[in-house]
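See below for the structure under consideration.
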Amino acid sequence: MHPALHLDNLKRLPASVKYRANGAMSASRSRTLEDIQRVRDYIINAPQSERQYSLPVLYFNLNPSRIPDLDLLSTADKIDLDSSGQCATDADAAIAKALLSLELLYAMTLPDGVGVDIWPRVWPWVRFLYLYIHSNNSPLHLDAEREFLLDFMTFAGTLGSHSETRQLMLSTPWLWFMVGRTWACAPSIPDAPQRLLAFQTLRRFIIQDQIKNPENMEELVNGAGGTLFDLARVIVHSIDAVASRDSMDLPNQIFLLWGAFVFIGKLDPALGEKLGDPMASSIAEFGEALIANHVMEAMLKALCAISMDSSPEKDKDMVLDSGLAMLSVLSTSASGWALIPSAVDNGLIQLPLFCAASPSAFALRGQLAFFFHQLLPGILVDYHVLTAVDAQWQEIKSIVNDNTFSLQGFEEWWNPFSLLVKERLQTLHAYNTSSVRLRACDNLECSVIDKKNKFRRCSGCQSSYYCSAACQMADWRNGGHREICASSGTLLLGKRNNEEFTARQRSFLRWLVHQDYLKAKTNISCEQALFLSKLPDQAFITTYDYTLGTMKVKVEIKAAVSETDLLFGAEWRNILKRAERKESGGRMGVDVMYVRGPKGVRSLVIPLRLSESVVKDRLTHLARALPGSPMEVWNAVTRILHVHGVNVVEIH
């Protein structure tokens, strides 16, 4: 037994208190409670160095053998006082004395190492009292749970500073339930200093490796609510609380957020890695639960608050680096990708911008490269993302244009991205103000181009359109649609892509490709002429790559049979076959769009449809006798487009 718990320590107390201390350990129900109350009055007013002399009294009254049987307590066994003001039963007295003893114990600064002996007495009573509070027999209102948990966990956190005691505590069954329950209550603590204390205490536990033990994790989950979703919600609420500068300063924000990141990494290793390709990582069930609870939005708010503060705090680089890495994995998962518009609303663009302007910038260079070169450019093809960016862009520009704001050499990354945003927003505005949407009849013998509402969609594949029932029947019988209908819509932008692309998004992608096609039309036509001069009988495709780190559309002319990135199958073969058919009359081109998605690069076929084939015919004729210099080719193609392309209607 630790020396501080020996009865000899009572001799050091003042005489009047020593008398009360001895009485507090007597068998008398009434005298014991009264004497403990007198000892409490002394301890509250005594210096810390003298308080520990009364430890034997508390140790004695926390004897686990005195814990009542909860199942035997009846509704009449509440802590009621009799006519003389004393506890009515032995069970009442034992509970009252334990509550007083814990209160006094929590108020003490304990000698080093005493926890090894104190913990086996404290824990059984704490566990009983918690269950008692939640029983129908408890005289304590359930609102007292939060205060009870906070007091206990604060004490346990202090006790755990001793390594041997900490190991004893962490191996105690049901402790992790109490950690989870306290965590669930902590974000709702109204008093800011108390809330901060709760988070600081919880951090001592959640970063421990013992949390990875399946039994401990099960207890923690049960304490947090019963499911991983409940635990994820608790974490997100905690991160939200950390993001508020009203309740804590920067050092505590960093300290607590880092603890949350360590915990998340222990439960889902993919979210704890800072190396490798984020798009190649696969998050586990817990990561999915975090996303469903909007962890990306909470993290963005917290990390933006930290990155905007120029103070050179310890571990600031580390928490920002880990946070950016975690966001990279979360946002490129299937469920996270769908929430990117909301992430933009909450600072997905501002965060790397603030980080690039912070003292931590060069320590974060690797993470910032992924954001500026891959993630952010890759999402600028999404209609809903661009709409969110549009709402934020004026504010973002005002930040960058502020004379006090410096990107510290990262302009070479920001400026191209900013130009790309400007270009895509112009495309978005043009799309939103355009009231006409055109379609082409997928019966290639017809290929009429008209307003979309003049067409009917195939009810089978939901990706082919026809101007009449006759054209639909003709394509079914003679155009090959019968063979492809059941599998069509994977490569083509049809309704079967609904889970990945909404109807508005599909329409916008066609618009985006077409606008970029019109801008690069002369270059594309020159490349097509050069291709035809070398391989006159070879079918070709035109690719639009929206995934490049250069953040520019890359247009290539390729032989169709060499397109290894597409999923070769019946739908792809049918698309090529239709483009090559005599009935198409050169009025269909195979254009392929590459976009980034949660599963990597996505290949989409967006055919170019033309009302006439005159331009292609002229290019084919030009290809047979190309002029010598590139400039001569350019001039010849420009003349063809100017003379013969004026009246040709083109759509994607």
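The values are calculated or read from the model by the stated rules, or taken from the named source; none is laboratory data. The shown structure was predicted, so the numbers you read here are calculated from the model rather than taken from an experiment. Quick reminder, even Gly has a Cβ in these numbers, built from the backbone with ideal geometry, and neighbours come from all protein chains shown. Ligands, DNA and RNA are excluded from the accessible area calculation, which covers all protein heavy atoms including side chains. Shrake-Rupley method; radii C 1.70, N 1.55, O 1.52, S 1.80 Å.
If Lys97, Lys451, Lys534 are ordered by their accessible area, calculated over protein heavy atoms with a 1.4 Å probe, which sequence runs from highest to lowest?
Largest to smallest exposure gives the sequence Lys534, Lys451, Lys97.
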Ranking Arg639, Arg437, Arg618 from most to least accessible area with a 1.4 Å probe gives Arg639, Arg618, Arg437
What does the charge count near Ser464 come to, summing +1 for each Lys or Arg and -1 for each Asp or Glu among other residues with Cβ under 9 Å from its Cβ? -1
With all protein chains in place and a 1.4 Å probe, Glu445 shows an accessible area in Å² (nearest 10) of 110 Å²
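Excluding ligands, DNA and RNA, what is the solvent-accessible area per residue of the range 347-490 at a probe of 1.4 Å, expressed in Å²?
Spelled out: the 1.4 Å probe surface of the range 347-490, per residue, equals 45 Å².
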Surface accessible to a 1.4 Å probe, per residue, for the residues of the range 110-199, Å²: 40 Å²
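Using 24 Å as the Cα-Cα cut-off, could you pick out the over-long pairs in Lys422/Lys519; Lys11/Lys97; Lys266/Lys316; Lys316/Lys422; Lys422/Lys452; Lys451/Lys577? Kindly include the intermediate steps, with their values, before the conclusion.
On the way: Lys422/Lys519 15 Å; Lys11/Lys97 22 Å; Lys266/Lys316 20 Å; Lys316/Lys422 32 Å; Lys422/Lys452 29 Å; Lys451/Lys577 26 Å.
Result: Lys316/Lys422; Lys422/Lys452; Lys451/Lys577 exceed 24 Å.
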Out of the total accessible area of the range 311-419 (probe 1.4 Å, heavy atoms of protein only), what percent is carbon and sulfur? 51 percent
Setting aside same-chain residues fewer than 8 positions from Lys18, which aspartates and glutamates have a Cα under 17 Å from its Cα? Asp8, Glu34, Asp35, Asp41, Glu50
Using a 1.4 Å probe on the protein chains only, how many percent of the accessible area of the range 204-303 belongs to carbon and sulfur? 51 percent
With angles folded into 0 to 90 degrees, how steeply does helix 521-534 sit against the dominant principal axis of the chain? Use alpha carbons for both and round to 10. 60 degrees
What accessible area, in Å² to the nearest ten, does a 1.4 Å probe give for Met473? 90 Å²
So, taking all protein chains as they sit and a 1.4 Å probe, how much accessible area belongs to Met217, in Å² rounded to tens? 30 Å²
